[in-house]
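Here it is: the structure, laid out below.
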Amino acid sequence: MKYIFYSFFILLLFSCSEGEEKTLRLTKKKYQPFIINLAQTFSENETNMSFPTWFADSLIKENKVRKITHYIYPHTSNTSEESIPKESKIYSFNEEGEVQKVEIAQFYEYITVGSLVFDYSAKKDQYGYSPVSFKRQDKDMDSDFEEQYAIYKKVEYSEKFLVYQNEESGDYLFYMLHRKNWGALSVDSILSPTPSDRIIFGSPKKRVKSYQVENTVNEFNAIEYSYDKSKRYPVEITSEHFPFRTKRTIEYDENGLCSGFIDSTFSGTKYLTRRHSQFVYQDGLPVKLVHESKSNNAEQGFIQIEEFEYYY
C-alpha cells in the first residue's frame, strides 16, 4: 500500500512539474522584430555613416517603405503641432530595404543652418559596412554640425578582426570577432591600439562591448550590450563616461514589441537622472518617441518629442 501511494505521489509530482514546465514554456517572453535598430540608433553609433544599419532591411521591405523622415523637436510639450523641428533626417530605401541616401538638416526657427547628404551606391557587405559619398549643401554652415558625423574606410578584414579608419581623424575602429581573442593581452598583441582608437568585441551587426584603452589594460569610455537568450534582441546597454555611468533598459510589452527604453544616469552609486522614452505606434509602426527626463528631486519632467513619417 505504501509502495502504491509513493508511486502515485511521484507520478503526481512529475505531472505537476511537467505541467509547470509547459506553463513556463508558454509564458516565456517572445520578442518581435523591431523596424528600428536599437543598438545603432538614439546613441553615438547613429553618427557613424559607414554602417547604414539604423533600420531592419527585412521590415522596410516587408512594409514597402521607400522613405522615412525622422524629426527631432526641441520643445517641452507632448505635441509637435505648430512646433519647428531642430533637426530632420530623411532616409531613402531601395526595394530590398537598404538605405540609399540620408539627408540631414538642422534648423534655427524657420531657417536651415546646415544640410548634409550621404549617398550609398554599393550594397552593404556581410558586416553592414558600405562605402559612402558625402556632400554639404550649405557652404557657410557651422563646421561643428559636419564634424558630428564620421565616415570610415575599410582597411583590413581577417578571420580574427576587422579594421576601419576614420577618413577625417585617422583613428581606427577595430572589431574583434571571436570571444577567445577578447583578452587585454590578445587585443594589444594583435591590434596595438592607441588611446584614440576604439575596440569593439563582436561584429558591426551585434556589438558586445565597445571601449578605448591606454597602457594595455586601462579601459575608458566603455559601452556594454546585453541581449535576450536568443542573442538577437538588446535588453540593456551600459555606458561608462567617467565620472558618469548610464544604464539603458529596453522595454518590451506583453506581446514582445519594443515599447521604449529607460536611461538612468549615476555618479558612482548616486542616482542622478532618469529619462523614460516611449514609442507611440500607428498601423504597427512607431510614429512618435516621447522622452521624459527627471532629475533626482524634480516633480515635473522635461519632455522632448521625435517623430517618424513613412512614405510607401
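The values are calculated or read from the model by the stated rules, or taken from the named source; none is laboratory data. Values in this document were obtained by computation on a predicted structure and should not be read as measured data. Neighbour counts are summed over all protein chains in view; Cβ atoms, including those assigned to glycine, are modelled from backbone coordinates with ideal geometry. Just the protein is used for accessible areas: all its heavy atoms, side chains included, with ligands, DNA and RNA removed. Shrake-Rupley method; radii C 1.70, N 1.55, O 1.52, S 1.80 Å.
Quick check on this structure: which one of PHE266, PHE261 is among the hydrophobic types (A, V, I, L, M, F, W, C) and within 15 Å of the chain's Cα centre (by Cα)?
On inspection, the qualifying residue turns out to be PHE261.
When the residues of the stretch 281-297 are filtered to those that are farther than 29 Å from ILE68 by Cβ and free of Cβ contacts under 8 Å to residues at least 24 places away in the same chain, which remaining residue is least open to solvent (accessible area, probe 1.4 Å)?
The selected residue is SER295.
Which residue pairs have Cβ atoms under 7 Å apart, sit 6 or more places apart or on different chains, and have a first residue in the stretch 46-74 that is under 13 Å from ILE90 (Cβ atoms) and a second that is outside any loop (DSSP other than H, G, I, E, B) and basic (Lys, Arg)?
If the second residue must be outside any loop (DSSP other than H, G, I, E, B) and basic (Lys, Arg), the pairs left are HIS70/LYS89.
Answer yes or no as to whether SER77 is of a type in the set (Ser, Thr, Tyr), surrounded by fewer than 17 Cβ atoms within 10 Å (Cβ to Cβ) and at pLDDT 95 or above.
no
Suppose we filter ILE84, ILE10 for residues that are at pLDDT 80 or above and either under 27 Å from CYS258 (Cβ atoms) or among the aliphatic types (A, V, I, L, M) (or both); which single one remains?
Among ILE84, ILE10, only ILE84 is at pLDDT 80 or above and either under 27 Å from CYS258 (Cβ atoms) or among the aliphatic types (A, V, I, L, M) (or both).
Those residues that are in a strand (DSSP E or B), in contact (Cβ under 8 Å) with a residue 12 or more places away in the chain and either over 27 Å from ALA56 (Cβ atoms) or open to solvent by 30 Å² or more (accessible area, probe 1.4 Å) (or both), I need them from the stretch 252-280; list them, please.
Within the stretch 252-280, TYR252, SER259, THR265, PHE266, SER267, TYR271, LEU272, THR273, ARG274, ARG275, HIS276, GLN278 qualify.
Restricting the stretch 35-50 to residues that are out of contact with any helix residue (DSSP H, G or I) (no Cβ under 8 Å at 6 or more places or on another chain) and part of a loop (DSSP other than H, G, I, E, B), which is nearest to TYR164 (Cα to Cα)?
Ranking the qualifying residues of the stretch 35-50, first place goes to SER50.
For the subset of the stretch 113-129 comprising residues that are at pLDDT 90 or above, in contact with a Phe, Trp or Tyr (Cβ under 9 Å, 6 or more places away or on another chain) and open to solvent by 40 Å² or more (accessible area, probe 1.4 Å), which member is farthest from LYS89 (Cα to Cα)?
In this case the residue turns out to be TYR127.
Are there strands (runs of 3 or more DSSP E) fully within the stretch 153-214 with at least 1 residues that are under 19 Å from SER130 (Cβ atoms) and either open to solvent by 60 Å² or more (accessible area, probe 1.4 Å) or modelled with pLDDT under 95 (or both)? List them.
Output list reads 172-176, 206-214.
Another question, if that's okay. Take the stretch 89-111 and flag every residue that is within 21 Å of the chain's Cα centre (by Cα), of a type in the set (Asp, Glu) and open to solvent by 60 Å² or more (accessible area, probe 1.4 Å).
Residue satisfying the conditions is GLU103 alone.
Follow-up. Among what's in the stretch 134-152 and is part of a strand (DSSP E or B) and at pLDDT below 95, pick the residue that is surrounded by the fewest Cβ atoms within 10 Å (Cβ to Cβ).
Among those that are part of a strand (DSSP E or B) and at pLDDT below 95, it is LYS135.
In contact (Cβ under 8 Å) with a residue 60 or more places away in the chain and within 29 Å of TYR91 (Cβ to Cβ): which single residue out of VAL208, VAL132, VAL155 fits that description?
After applying the criteria, what remains is VAL132.
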